[in-house]
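See structure below.
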Amino acid sequence: SCHLALGSGFKEIYNGDSEKDKYEKGLNHSNVHVDFMIGTSDLQIDGITKDENKISIFKDGNFVF
């Protein structure tokens with residue numbers, strides 16, 4: 001699969017940095033954040049929970065939930 005995100009970046013990935021430092025390091029600032037998932041009709045993506053159970057996230061190219 002391919003994931004593409006446009007808009008505001010996540011500040012949490014720059015722990016300990018000042019707001020100014022975050023933007024100087026390349027954090028994007030925007031009023032919106034939009035995610036796009038791109039795949040094929042046969043794409044399957046499974047996740048693993050903390051207790052190691054497998055859950056289906058993407059099936060036949062579509063989100064399960």
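I want to confirm something. Restricting to the range 30-53 and keeping residues that are among the aliphatic types (A, V, I, L, M) and in contact with a Gly (Cβ under 7 Å, 6 or more places away or on another chain), which single residue is nearest to PHE65 (Cα to Cα)?
Quick first cut of the range 30-53, residues among the aliphatic types (A, V, I, L, M) only: 32, 34, 37-38, 43, 45, 48.
Filter once more, keeping what is in contact with a Gly (Cβ under 7 Å, 6 or more places away or on another chain): 32, 34, 43.
Values: VAL32: 23, VAL34: 18, LEU43: 15 Å.
Of everything passing the filter in the range 30-53, LEU43 is nearest to PHE65 (Cα to Cα).
Under the condition of being in contact with a Lys or Arg (Cβ under 7 Å, 6 or more places away or on another chain) and assigned to a strand (DSSP E or B), which residue from the range 26-65 is most open to solvent (accessible area, probe 1.4 Å)? Before the answer, list the steps.
Let us first name the residues in the range 26-65 that are in contact with a Lys or Arg (Cβ under 7 Å, 6 or more places away or on another chain), namely 27, 44, 46, 48.
Retained after the next criterion (residues that are assigned to a strand (DSSP E or B)): 46, 48.
Values: ASP46: 77, ILE48: 119 Å².
The selected residue is ILE48.
List pairs: first residue in the range 41-65 and in contact (Cβ under 8 Å) with a residue 24 or more places away in the chain, second residue hydroxyl-bearing (Ser, Thr, Tyr) anywhere in the structure, Cβ distance under 9 angstrom, at least six positions apart or on different chains.
Hits for this filter: LEU43/SER1; ILE45/SER1; ILE45/SER56; PHE58/SER1.
Go through the range 32-54 and report how many residues are of a type in the set (Gly, Ala, Ser) and under 20 Å from SER8 (Cα atoms). Spell out how you get there, then give the answer.
Within the range 32-54, the first condition is being of a type in the set (Gly, Ala, Ser), and the residues that meet it are 39, 41, 47.
Now restrict to residues that are under 20 Å from SER8 (Cα atoms): none.
Number satisfying all stated conditions: 0.
The values are calculated or read from the model by the stated rules, or taken from the named source; none is laboratory data. Worth saying up front: this structure is predicted, and the values here are computed from it rather than measured. Cβ atoms come from the backbone with ideal geometry, glycine included; neighbour counts cover every protein chain shown. These accessible areas exclude ligands, DNA and RNA; they are computed on the full protein's heavy atoms, side chains included. Shrake-Rupley method; radii C 1.70, N 1.55, O 1.52, S 1.80 Å.
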